Amino acid sequence: MMSDWFKTKKPHKLPTRAQPATDAPAPRKYDAVVVGAGPAGASAAYFMARDGLDVLLLERGPFPGAKTCGGAAIIAEQAHELFPNFWEEFSYERIVTRLDYWWLSEDSAVTAGFTSSRLSAAPYNRLSVKRKNLYTWLAAKAVAAGATLLLGHHVAGVLLDGYQAVGVRVAPPQSTDYLADLVILADGANSLLAERAGLIPPVTAANLSLYAKETIALPPATIEERFCLPPGQGAAIGLIGYPTAGYNGTGSIHTFHDSINISAGMSVSAYAAGGFSPGDLLERIKKHPRIQPLLDGGVTTEYGAAMIPEGGYHAIPPLVHPGLLIAGDAASLVNGIHGINLAMWSGFYAAKAAFEAKKNRDFSIRKLSLYRTLLDESFILQNMRTNAKAATLQRDRPYLFDLYSRLANEAAYQMVRAYPMPVKDKRKFIWRKVTSLQPVGKIAADIWQVLKVVKG
Amino acid sequence: MSKLAAKIALVEFRPDETWQHVVIADQEKCRRCPDKNCLRVCPSGVFAWDNIPGHPVLVSYRQCIECGACRLACPEGAVEFSYPHGGYGVVFHQG
Ligand SMILES: Cc1cc2nc3c(=O)[nH]c(=O)nc-3n(C[C@H](O)[C@H](O)[C@H](O)COP(=O)(O)OP(=O)(O)OC[C@H]3O[C@@H](n4cnc5c(N)ncnc54)[C@H](O)[C@@H]3O)c2cc1C
Ligand code: SF4
Ligand code: SF4
């Protein structure tokens, strides 16, 4: 898109100019060095290596996936376009055939869901996955295509020659510099590398959400019974309202083969305002009367927490720099809580731009902005654009999720009650109950805002 | 053992004994800080304070699960955060 192309064309001021760490002979130079073996980085490395580029993939964890947690389900239909029949190559957990949203109040839930055995046929709609399995498979694929993967390598900074990125510096214990024509930052949410190199504005507490997760072990048959699932099939449940104690945030439940992942979180700034911790949120949601029975008797096997960029379309920083591209969570490419596919696809587009740049021996912003163009034309940015106003709405009306979950629950409760009164009077009674929670004028104003967003 | 401590005990850590990756550089800022967001936001209880005015905020970096939220939550910019050096720190296995 031309307008965006001009945006990325402006020169960027880069503050630091790093000197090589030692006077040792110049190490071998790569076509591209990729930071982070998550779905974004490993996809970029795979597609570049497949197209014949000499690629180095650096990961700080002892294995890919060791440093991230929470969720997760992958939208298989989208990943299948990039990695045909990928489910045959690694062990996923369950085929998701039940998708639910639960709007919770203190003691009840209004639910909407879809469940169908049609979702159980390949290409699957969603698969629940453990990150270790997904990430390790993808990184191995990059290696099989010819990329070099170094684990336990923490990149401490980007090496710059003037404005041009020329490589990266690895922190101790290796303390090595690696030079490359192109650097791809795929280091996840909270990209300290991009921020410290002055490539993106500082990441803020309002744009990042912090989720705590717990993995709870249960026998497979118990999971299938409690979630009404045929063997091998799984559920993904989005939890809205009560989980985040009056703030806009969400929770989720994902069923694995013999465990459940339950996560809850909200924006980092909301914890400070609310006066509780991510662990408190998780405990609260686990005790909810509709959720506790699902977990009953389960044994917690792992606790964790991670951040997810939720600033939406308007929080996407400049992604194209001289000799450098930013992909995945580091680029804020998350739609709702879906980020794995966006990460993979952004890695794919970065690889395409890298291939063209290498062919023309031109790693300038001008050449590399093909990346931004491809993203702009893709479903990724189109969907994020469509949802852009929703993110703003959540920020401007921080009570929406919780309040309307309570309203819906109150209305539904009164509706199912069988009062000894005529239906007409019952409707009036319910209306009075609901409007006692939020005045009519304010409901109307909220609905108007929501409609404006939904209509675009 | 508190509930949180029991959960943290389930997590695998490979702490770097030679380098601390979360530090409070200036305790003076903490002394002046009324809300002490770090105590609440950290999901892993890394920051601790004995509630005695003037006493420092302690940082148990070995149990950090590397979410990265503390540096964003601190209004004073007092938390100096980097991820641990390669191969060290938290290791998640369950996804
Ligand atoms: C609780 C929770 C639930 C989620 N659920 C879902 C879901 O159900 N479906 C979905 O699609 N998405 C989900 N997401 C979002 C998804 O996890 C991310 O969007 C996705 O992982 C982004 O991929 P990435 O490759 O950009 O970053 P990451 O997966 O974070 O990978 C970044 C990699 O870079 C490495 N790294 C970081 N810094 C350095 C450095 N300096 N040097 C070397 N290596 C480094 C890290 O160790 C890591 O391996 C969820 C997120 C959270 C927090
Ligand atoms: S929030 Fe920051 S300044 Fe306040 S106590 Fe914590 S580290 Fe210190
Ligand atoms: S990174 Fe997260 S877990 Fe580690 S100290 Fe900061 S808030 Fe706590």
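The values are calculated or read from the model by the stated rules, or taken from the named source; none is laboratory data. These numbers come from a predicted model, not from an experiment. Here the Cβ positions follow ideal geometry from the backbone for every residue, glycine too, while neighbour counts run over all protein chains shown. Just the protein is used for accessible areas: all its heavy atoms, side chains included, with ligands, DNA and RNA removed. Shrake-Rupley method; radii C 1.70, N 1.55, O 1.52, S 1.80 Å.
For the peptide A:292-304, the mean number of other protein chain Cβ atoms found within 10 angstrom of a residue's Cβ is 3. Take each peptide in A:310-318, A:70-78, count the other Cβ atoms within 10 Å of every residue, and average; sorted highest first, the result is A:70-78, A:310-318. Over region A:276-368, the fraction of Cα-Cα pairs per 10 Å bin, rounded to whole percents and listed from the shortest bin up, is 14, 29, 24, 17, 11, 6, 0. Take the Cα radius of gyration of the protein assembly as shown and divide it by 2.2 N^0.38 Å, N being the number of residues; the result is 0.99. Working note: Cα atoms of region A:309-428, range along each principal axis, descending, whole Å: 81, 22, 18.
Counted as membrane-span-like here are DSSP H helices of chain A whose alpha-carbon atoms extend 20 Å or more along the helix's own axis and whose Kyte-Doolittle mean is -1.0 or above; these are A:340-360, A:400-416, A:423-437, A:440-455. Charge tally around A:ASP51: other residues with Cβ under 9 Å, Lys/Arg +1 each, Asp/Glu -1 each, net +3. Descending by average beta-carbon neighbour count within 10 Å, the peptides A:184-195, A:427-438, A:357-368 line up as A:184-195, A:357-368, A:427-438, the highest first. Three principal axis extents of region A:165-217 based on alpha-carbon atoms, in descending order, are 42, 31, 18 Å. For the protein assembly as shown, carbon and sulfur atoms together expose 56% of the accessible surface, with a 1.4 angstrom probe and every protein chain in place. Sequence-ordered 3J(HN,Hα) estimates for region A:188-203 from the Karplus curve with 6.51, -1.76 and 1.60 and θ = phi - 60° stand at x, 4, 6, 6, 5, 5, 5, 5, 5, 7, x, 8, 10, x, x, 5 Hz, glycine and proline given as x. Here is how the number arises for chain A: DSSP H runs of 4 or more residues each give -39500 (n - 2.57), the sum is divided by the residue count, and the result at 222 nm is -11000 deg cm²/dmol. Summing Lys and Arg as +1 and Asp and Glu as -1 over all other residues whose Cβ lies under 15 Å from the Cβ of A:GLY265 gives a net charge of -2.
Largest first, the three principal axis extents of the alpha carbons in region A:72-187 are 56, 39, 28 Å in whole numbers. With the simple model of a label 7 Å out from the Cα in the direction of the Cβ, B:THR18 to A:LEU437 spans 5.8 nm.
Kirkwood's formula applied to the C-alpha pairs of chain B gives a hydrodynamic radius of 14.0 angstrom. The simple Förster model, with R0 at 45 Å and r as the Cβ-Cβ distance, assigns A:PHE379 and B:HIS55 a FRET efficiency of 0.25. Of all DSSP-defined beta bridges confined to chain A, some 70% are antiparallel rather than parallel. Mean partner shielding of peptide A:156-166, defined as the number of other chain Cβ atoms within 10 Å of each residue Cβ, is 0.
If you model region A:127-254 as an ellipsoid using its alpha carbon gyration tensor, with each semi-axis the square root of five times an eigenvalue, the axes come out at 38, 23, 11 Å, biggest first.
Counting, for every residue in A:50-63, the Cβ atoms of other protein chains within 10 Å of its Cβ and taking the mean gives 2.
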